[in-house]
Amino acid sequence: MLNDGLPAHTGHAPESDPVGNVISTPITEEEYAQILARARNEPGVASGAGQQVGADWLNAGIRTGAMPIPASVAERLEGRRFGSFDAYRRAFWKAVAQEPELMGQFDRRSQEAIKKGFAPSTPKSVRVGKRDRWELDHINPLWNNGELYGADNLQIMPPKSHIEKTREDMKGYRS
């Protein structure tokens, strides 16, 4: 026990300031996933403006590994209350279905999925195992107080890029 009555840290050596206060405690990937799962079940209201996108939105996302939330979609969702992030995700894709310029960038099979509230398929080159659909990513991670339902804190990523970004995000969480 430390002088403050708390048990001594038993994991990796934590960073500390000159006074000896613990600044961070490393966690496992499983603990990280549990934190995110709990956060994604929190209700909330959609906000944010998104970004203006054009006819090259999808191809730009394939080239760069990320697409912004279109302003027209953010506008459709703004102010709506959602009981979970899953509900938001379904509504997001259904809002994309209402935008002809966006829908025209997807193949017929992906368009059918989008209309039902499911994410469209990604090109094979950016898939990882069974993860073969575009994924919503929080730019500023939830553990870092990133907005859960904020369009300006969301981007659309293929699995390969999303996994790489999440690994980088976890490094920040662990330090």
Taking the stated definitions as given, is residue 118 buried (at least 18 other Cβ atoms within 10 Å of the Cβ) and in a loop (DSSP other than H, G, I, E, B)? no
So, in segment 135-175, how many residues would count as being part of a loop (DSSP other than H, G, I, E, B) and either in contact with a Phe, Trp or Tyr (Cβ under 9 Å, 6 or more places away or on another chain) or over 27 Å from residue 80 (Cβ atoms) (or both)? 5
Condition (residue is on the phi < 0 side of the Ramachandran plot, among the β-branched types (Val, Ile, Thr) and in a helix (DSSP H, G or I)) applied to segment 86-100: is it met by at least one residue? yes
Taking residue 150 and the conditions (1) in contact with a strand residue (DSSP E or B) (Cβ under 6 Å, 6 or more places away or on another chain); (2) without any contact (Cβ under 8 Å) to a residue 60 or more places away in the chain; (3) farther than 19 Å from residue 97 by Cα, which numbered condition does it fall short on, given that it satisfies the others? (2)
Could you look through segment 23-65, keep only residues that are at pLDDT 80 or above, aliphatic (A, V, I, L, M) and touching a helix residue (DSSP H, G or I) at 6+ places or on another chain (Cβ under 9 Å), and pick out the one that is nearest to residue 144 (Cα to Cα)? 39
If we keep just the residues of segment 64-85 that are in a loop (DSSP other than H, G, I, E, B) and of a type in the set (A, V, I, L, M), which is surrounded by the fewest Cβ atoms within 10 Å (Cβ to Cβ)? 66
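The values are calculated or read from the model by the stated rules, or taken from the named source; none is laboratory data. All of these numbers come straight from a predicted model, not from anything done at the bench. Because the Cβ atoms are built from the backbone with ideal geometry, glycine has one as well, and the counts that use them run over all protein chains shown.
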